[in-house]
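The values are calculated or read from the model by the stated rules, or taken from the named source; none is laboratory data. Model, not experiment: these values are computed from the prediction. Don't worry about glycine lacking a Cβ; one is built from the backbone with ideal geometry, like all the others, and counts go over all protein chains shown. What goes into the accessible areas is simple: the full protein's heavy atoms, side chains included, and nothing from ligands, DNA or RNA. Shrake-Rupley method; radii C 1.70, N 1.55, O 1.52, S 1.80 Å.
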Amino acid sequence: MNLKFVLRGIGIFAAAALLVTGIGLKSATAMGSDNPPPPPSDDSSGKKKKKKQNSVIEEQQRQIAQEKFLHGYHIARFLILSGYYLDGIAAMHALGHDEHPDVANYIGYAYRKLGDYDDSKRWYEKALAADPNHVRTWSYFGMWQAEQGNRLKAEDYLQKVKLICGTTDCEEFRQLRAVIDGTATY
């Protein structure tokens with residue numbers, strides 16, 4: 001078999017995989033995810049550039065960087081959800097992508113669990129600045145409001161969660177509803 005033919009086939013497959021992944025990333029980001037899309041690579045600027053065909057090696061390097069981000073993110077998230085808040089915050093910062101909505105959201109969550117409501121609020125706001133439809137942040141920020149005694153604001157955030165989810169069946173809505181009703185804490 002001709003090597004050029006094989007490499008071309010791999011390139012087409014990789015491009016198709018990226019296209020399919022790219023279509024699904026917008027909704028995954030808006031929802032807030034256990035497996036968030038990786039941040040854009042450092043070579044992307046906000047300016048429109050001519051699209052260049054990436055070599056197989058460049059594509060592999062991008063995939064390795066994405067896998068490294070996800071691996072680090074999962075470790076940091078695990079630390080936070082296991083109650084090792086300061087270690088989890090440090091691990092999130094070590095990813096080098098504080099602007100990522102999922103990263104900022106979990107940093108905010110960790111600070112909230114530590115009782116540092118000022119820093120928690122700052123990080124939730126940072127997450128929402130990065131993605132105004134990040135449903136998990138709206139839910140956690142609603143919990144923050146409820147913990148501060150701001151029930152009406154928490155109810156507003158609950159409606160925002162419902163609007164983003166399109167239903168009351170999503171996990172983020174159910175969790176915030178339970179916190180507002182006083183039947184659960186997160």
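Rolling a 1.4 Å probe across the protein heavy atoms gives region 78-169 an accessible surface of 46 Å² per residue. When only Cα pairs below 8 angstrom with a gap of at least 6 residues are kept, region 105-146 shows a relative contact order of 37 percent. For region 122-172 and region 94-116, write down the distance between their C-alpha centroids in whole Å. Each part reduced to its Cα centre gives a spacing of 15 Å.
Taking all protein chains as shown and a probe of 1.4 angstrom, C170 keeps an accessible surface of around 20 Å².
Based on Cα contacts under 8 Å between residues 6+ apart, region 78-133 shows a relative contact order of 31 percent. Kindly identify region 57-186 as rounded, prolate or oblate by the Cα gyration tensor criterion: order the square roots of the eigenvalues as a ≥ b ≥ c, call it rounded if a/c is under 1.5, otherwise compare a/b with b/c, prolate if a/b is larger, else oblate. In terms of gyration-tensor shape, prolate. Of the whole protein surface, L81 contributes about 80 Å² of accessible area at a 1.4 Å probe radius.
Shape analysis of region 80-145 based on the Cα gyration tensor places the equivalent ellipsoid semi-axes at 16, 14, 9 Å, largest first. Strictly over 22 Å apart at the Cα level, which of K126/K160; K68/K113; K126/K153; K68/K160 would you flag in this model? K68/K113; K68/K160, as the Cα separations exceed 22 Å there.
If R0 is taken as 30 Å, the Cβ-Cβ distance between E99 and D181 corresponds to a FRET efficiency of 0.35. Rounded to the nearest 10 square angstrom, E171 shows an accessible area of 90 square angstrom against a 1.4 Å probe.
The label-point distance for A65 and E125, in a model that sets each label 7 Å from Cα toward Cβ, rounds to 3.1 nm.
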